[in-house]
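Below is one structure, written out as structure tokens; comments come after it.
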Amino acid sequence: MAEAPRCRRVGILGYGQLGQFLAGRLLAGVPPWGWLWPSSGRGTGATGGAAPSLRLPDLRLLPQTEVDLVVEVAHPCVAREHGEDILAHADFMLGSPTALADPETERRLRGAAARGGHTLYVPRGALWGCEDIARMDEAGTLAALKVTMTKAPQSFRLEGWLQERLAAAVAAGGRAVLYEGPLRPLCPLAPNNVNTMAAAAVAAPRLGFDGVRACLVADPNVPDWHIVEVEVTSAGDEGRALRVTSTRRNPAAPGAVTGNATRDAFWSSLLACRGHGGCVQLC
Ligand SMILES: NC(=O)c1ccc[n+]([C@@H]2O[C@H](COP(=O)([O-])OP(=O)(O)OC[C@H]3O[C@@H](n4cnc5c(N)ncnc54)[C@H](O)[C@@H]3O)[C@@H](O)[C@H]2O)c1
């Protein structure tokens with residue numbers, strides 16, 4: 001039987017691939033308790049097959065639910081619009097940490113966590129080695145961090161000029177680097193696709209969204225894989241620095257924004273959300 005978070009009432013915002021997976025795990029556990037906020041008609045799914053008794057018609061009803069933990073698995077705009085209200089009442093697991101690339105949103109959410117005494121959790125998602133990265137950052141030994149994400153063109157949900165770049169890449173065929181540079185400007189252009197990079201920026205606050213290097217690659221030759229490469233470089237003498245490179249190849253359904261194993265990573269993250277007080281916590 002699936003292990004349910006002990007003594008925690010969990011609400012899920014977003015009922016797509018991740019939301020349905022987490023809801024299924026919660027409902028299989030003891031004691032199951034959860035609600036799902038409908039997606040106000042955006043995208044497909046809304047609360048789909050969820051029982052009507054589990055649906056919350058309006059997020060303003062949140063205080064009445066006595067929920068302990070709200071999990072966002074929808075879109076970064078949810079945190080922008082509702083994050084402060086959520087943190088006034090409950091811990092908040094932010095499945096789309098690209099929201100934090102907006103300095104004003106980050107400031108407001110950190111402030112709300114401190115005021116309300118609730119924790120803003122950032123799940124590691126597909127980021128491998130995040131504890132090692134966080135330790136190096138804390139010790140001041142992390143000099144550089146680069147995250148390269150490679151997916152098939154149909155897995156991208158892009159905005160602005162990056163959409164045109166992708167269309168040109170698809171027309172040309174073959175592998176194409178869509179973006180290479182600092183992470184911060186990439187986040188609003190690929191809000192659903194670079195959350196793993198955003199988790200890296202949270203793990204390494206000294207580098208942050210401006211210091212972490214991002215590389216986004218479209219490759220039609222990997223239609224059902226998400227590949228995340230993390231390159232860590234320590235401070236040190238020229239040519240004598242510690243370098244660690246990891247490559248995570250995760251099977252994914254064609255067109256999905258989330259790879260299969262990342263669903264399990266999210267469940268493990270949810271289980272780790274046991275209340276750490278008014279701070280930001282990787283989980
Ligand atoms: N942190 C990470 O490493 C990581 C990894 C995978 C996915 N994610 C993020 O988690 C989120 C969900 O992933 P998924 O695979 O379930 O995606 P999905 O596309 O399968 O599902 C998203 C759901 O949210 C709903 N939705 C979209 N915009 C909404 C809005 N403004 N308000 C309310 N509902 C809205 C959609 O209708 C859909 O039901 C995405 O933002 C994705 O980028 C993060």
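The values are calculated or read from the model by the stated rules, or taken from the named source; none is laboratory data. Since this is a predicted model, take the numbers as computed values, not measurements. When we count neighbours, we look across all protein chains shown, and the Cβ atoms used for this are built from the backbone with ideal geometry, even at glycine. Just so you know, the surface numbers come from the protein's heavy atoms only, side chains and all, with ligands and any DNA or RNA stripped out. Shrake-Rupley method; radii C 1.70, N 1.55, O 1.52, S 1.80 Å.
Quick look at the values:
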quantity	calculated
Solvent exposure of the chain as accessible area per residue, Å², 1.4 Å probe	45
Long-range amide H partners of residue 178 with built H, under 5 Å	216, 217, 218
The chain, helix-only ellipticity at 222 nm - DSSP H runs n ≥ 4, -39,500 (n - 2.57), divided by all residues, nearest 500	-10000 deg cm²/dmol
Whole-number Å³ per residue for the convex hull built on Cα positions in the chain	131
The chain - percent relative contact order, Cα under 8 Å, separation 6 or more	21
In the range 177-273, GluC sites (Glu not before Pro) in a DSSP loop with at most 13 other beta-carbon atoms within 10 Å	238
Accessible-area composition of the range 130-258, carbon plus sulfur, in percent [1.4 Å probe]	50
Cα gyration tensor of the range 130-258 - equivalent ellipsoid semi-axes, whole Å, descending	27, 15, 13
Computed magnitude of the charge dipole of the range 61-165 (debye, nearest 20; Cβ of K, R +1, Cβ of D, E -1)	360
Two-site FRET efficiency, residue 60 against residue 115, from Cβ-Cβ distance with R₀ of 22 Å, rounded to 0.05	0.70
